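Data block below; observations after.
The values are calculated or read from the model by the stated rules, or taken from the named source; none is laboratory data. Note that the coordinates shown come from a computational prediction; the quantities given were computed from them, not determined experimentally. Here the Cβ positions follow ideal geometry from the backbone for every residue, glycine too, while neighbour counts run over all protein chains shown.
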Amino acid sequence: MSETVLTEYFGGHPMLKILEFLIENKIFDYSKKQISEEIDVSKVTFLKYFKKLEELGLVKVTRQFGKTKLYTLNESNTFAKRFIELTLS
C-alpha cells in the first residue's frame with residue numbers, strides 16, 4: 001500500500017492504515033486477514049486496533065460465510081464521514 005498524505009503527515013499508525021485502506025477500497029468488503037495482509041500489519045497488532053474500530057462503530061460486517069466475516073467502513077458513522085472528507089480533500 002502506498003503512503004498517503006495522511007500517513008506521511010501523521011505517521012503509519014495501524015488504525016490509520018486500516019481506515020485508509022477501507023476508504024480507498026470502500027466498494028469492496030474484506031476479511032480481517034485480507035486487510036491485515038494488504039496493509040502489512042502483524043496479526044496481533046491488527047486485531048488490537050481493529051477491535052477498537054469495531055467498538056467505535058467505524059467498521060461493520062457486510063456478510064458472513066462459515067466463520068469468516070467480511071467488513072467494510074461504516075459510512076453512516078459520523079467520524080467515518082469526517083475521515084472520508086479529510087482523506088479526499
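If you check Thr72 against the conditions, is it without any contact (Cβ under 8 Å) to a residue 60 or more places away in the chain, more than 19 Å from Thr87 (Cα to Cα) and of a type in the set (Val, Ile, Thr)?
no
In summary, Gly12 fulfils each of the numbered conditions (1) surrounded by 13 or more Cβ atoms within 10 Å (Cβ to Cβ); (2) under 12 Å from the mean Cα position of the chain (by Cα) with the single exception of condition (2). From the list Phe79, Phe46, Phe28, Phe65, the one residue that fits, being surrounded by 14 or more Cβ atoms within 10 Å (Cβ to Cβ) and either out of contact with any Phe, Trp or Tyr (no Cβ under 9 Å at 6 or more places or on another chain) or of a type outside the set (D, E, K, R) (or both), is Phe46.
Residues checked against (1) over 16 Å from Phe28 (Cα atoms); (2) at pLDDT 95 or above; (3) more than 13 Å from the chain's Cα centre (by Cα):
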{"position": "Tyr49", "(1), (2), (3)": "yes, yes, no"}
{"position": "Leu53", "(1), (2), (3)": "yes, yes, no"}
{"position": "Val59", "(1), (2), (3)": "no, yes, no"}
{"position": "Thr62", "(1), (2), (3)": "no, yes, yes"}
{"position": "Lys69", "(1), (2), (3)": "no, yes, yes"}
{"position": "Asn74", "(1), (2), (3)": "no, yes, no"}
{"position": "Thr78", "(1), (2), (3)": "yes, no, yes"}
{"position": "Ile84", "(1), (2), (3)": "no, no, no"}
{"position": "Ser89", "(1), (2), (3)": "yes, no, yes"}
